[in-house]
Each structure stands twice: as structure tokens, then as C-alpha cells.
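Please treat every number below as a calculation from the coordinates, not as lab data. Just so it is clear, the structure is predicted and the values come from calculations on it, not from any experiment. Virtual Cβ from ideal backbone geometry, glycine too; neighbours counted across all protein chains shown.
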Amino acid sequence: MAEQSESQKNQTDEHKDKYFSFQIKAWANFDPMDKSLGKIAEGIEQGGGFLTVVEVLKVEDDLACIGDEEARECFANILAAKRLVRNVHELPRTLLEDLRQALKVDEDVAPKKTATRAGIPSASDESRVKQWP
């Protein structure tokens, strides 16, 4: 029986992931709106808050089944980047140089997403939502 190459095995394995849509609710004694997710988690871990709910909304076994187009595209990009990293030694030299140049340029680019409100809050509603990249 012929053995599967490492590249073929990894491509098969990457499609075995489960994808979870979930929601987290928390209380904190600091304003989380201008903080990264890592800084919020750090603040909570240091006693500045606590989680009240972690709710799994949906689980998908297949990337193609994710209904959120933006999330699906982000996961597809991550999988493509992982394949690229695993197989970088197989790239043509000119493509490898193009990739190096693109990575140098992107080092200084700021993240695309910023904190946004989920809707127009009423005068009595002070709730805010941050959409994570």
C-alpha cells in the first residue's frame, strides 16, 4: 500500500477541524472598548473582571458550512497560509521573493477592524459591542 505524503496528509487533516461560533459575556472594572482581546483577557486574569457566560451558538464540521462569509474567508486564508508555510521550500524563487516583499510591507499595516456599535443605542442604553478581527 502506498503511503500518503506529508503534504497530502496535512491537507486532509486541515479539513477535519470543527468551527465554533460562540459568544462571551463578561463584567470588568475597566473599559474594554479600546483594548485588544489579549489585553482584555489579561485584565480579567489579573482580577479586573470575570466571565459570566460562554455560549456556543453553532458548530460546523466543514468550513464551507460557515454562514458568515467574512469568517469563512478568514479561516480559508489561515488554512492557505499554513499550507504555504509547510510548503514554502517548493515555491518558485520569484514567487518566494514576492511573498517576502509583501510580508515586509504588511508589517506596518494596521488591523482593518475597529470597535463598532452593534446598533444605535437609545439614551438609556450604554451597551457597546466590539467586533474582533
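Just checking, does region 21-31 include any residue being under 20 Å from the mean Cα position of the chain (by Cα), assigned to a strand (DSSP E or B), within 20 Å of Phe75 (Cβ to Cβ) and of a type in the set (A, V, I, L, M, F, W, C)?
Checking region 21-31: at least one residue is under 20 Å from the mean Cα position of the chain (by Cα), assigned to a strand (DSSP E or B), within 20 Å of Phe75 (Cβ to Cβ) and of a type in the set (A, V, I, L, M, F, W, C).
With touching a strand residue (DSSP E or B) at 6+ places or on another chain (Cβ under 8 Å) and assigned to a helix (DSSP H, G or I) as the only criterion, which of Gly43, Gly38 stands out?
None of the others qualify; the one that does is Gly43.
Could you list, in sequence order, all residues of region 77-95 that are in contact (Cβ under 8 Å) with a residue 24 or more places away in the chain and in a helix (DSSP H, G or I)?
Leu79, Lys82, Arg83, Arg86
Tally the residues that are surrounded by 11 or more Cβ atoms within 10 Å (Cβ to Cβ) and over 14 Å from Ala81 (Cβ atoms), restricting the search to region 96-106.
3
Going through region 51-69 one residue at a time, which ones are closer than 30 Å to Phe30 by Cα and surrounded by 11 or more Cβ atoms within 10 Å (Cβ to Cβ)?
Hits for region 51-69 are Leu51, Lys58.
Report, by residue number, each residue of region 12-40 that is within 26 Å of Lys82 (Cα to Cα), out of contact with any Asp or Glu (no Cβ under 6 Å at 6 or more places or on another chain) and surrounded by 13 or more Cβ atoms within 10 Å (Cβ to Cβ).
Residues satisfying the conditions are Glu14, Asp17, Ser21, Ser36.
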